[in-house]
Amino acid sequence: MSELKYMDLSLDEVIKNISMCKSVIANQEEAICKFRDVILTASNKRVASSRKTTIFVAGAGRSGLVAKAFAMRLMHLGFYVFVFNETIAPPVRDGDIIIIISKSGKSNSITQIVEDSKIDNVKFLTVCGNTDSELSQKADARIVIDSLPQILVNLEDEDISNFVEFLPKTIMNFETNEEVKAKLEALPRKSLDMSDKKVMASLDELPSEISGIANIYRPLELLLMGTAFEISALIILDALIVELMHKLNLREKDLKAFHDVLSSAI
């Protein structure tokens, strides 16, 4: 294993989740086609139409960044698209489309959008990770991404060896209970070896300046909060852009006509 072994392990988990994207498309073809077709009803600068349909895209936190990336691609296609909470976003009107990207579908800012947008004929689309959420149930079309379970890995002995010498001294500093102290000193130098709640609670009492020592006994998370969903959503939506390009008879050279060359030059 390389010097960056945990980075390698994290990327392995990312790749596994990306591989799941193929099954999302295969298993939800009808729903994704409906999702696509709703977008195609929106006004487009490249399509001669008297329609006034605008697309609004929203997401909280890192899902919001995925939403912005998708909105940018929709703009490149020629759609009239805005991101919620941006200062230049106009009000939602009758007949508009709202696309919400949210793993839980429960973020306050997201649920508020649904509550505040009680306008006739507004279409709701969502990319979510929870089919049972209120957001998913209210959507006119949805893409559901079931991420793989969180994976944790034990630290290798050599990775915690640098901390071991500090442990006995640390125990003396923060714990006087002889029973707990003995258990701590007897612990193998390996994460996931602690099952005793009293020992675990004692580690949680470590002073903040040395609290990192407690973490050597805990497994390391290979994918952080929501990462699997966010990366999968980004990839699936980018692939959907290609599907929309096909339907609109566009190529990359056409999209470049809407590319922001001024910002790119900064």
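The values are calculated or read from the model by the stated rules, or taken from the named source; none is laboratory data. Small disclaimer: the values here were computed from a predicted structure and weren't measured. Cβ placement follows ideal geometry from the backbone for every residue including glycine, while neighbour counts extend to all protein chains displayed.
Key figures for this structure:
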{"quantity": "Filtered residue count, the range 30-43, keeping only those that are free of Cβ contacts under 8 Å to residues at least 40 places away in the same chain and within 22 Å of the chain's Cα centre (by Cα)", "calculated": "0"}
{"quantity": "Conditions (1) among the small types (Gly, Ala, Ser); (2) under 19 Å from Ala139 (Cβ atoms); (3) surrounded by fewer than 20 Cβ atoms within 10 Å (Cβ to Cβ); number of the one not met by Ser43", "calculated": "(2)"}
{"quantity": "First in the range 221-249 and in the same structural domain as Asn17 (by TED's automatic domain parsing), second anywhere and of a type in the set (Phe, Trp, Tyr), Cβ under 7 Å, 6 or more apart", "calculated": "Leu237/Phe70"}
{"quantity": "Selection within the range 222-242 - outside any loop (DSSP other than H, G, I, E, B), surrounded by fewer than 20 Cβ atoms within 10 Å (Cβ to Cβ) and among the small types (Gly, Ala, Ser)", "calculated": "Ala239"}
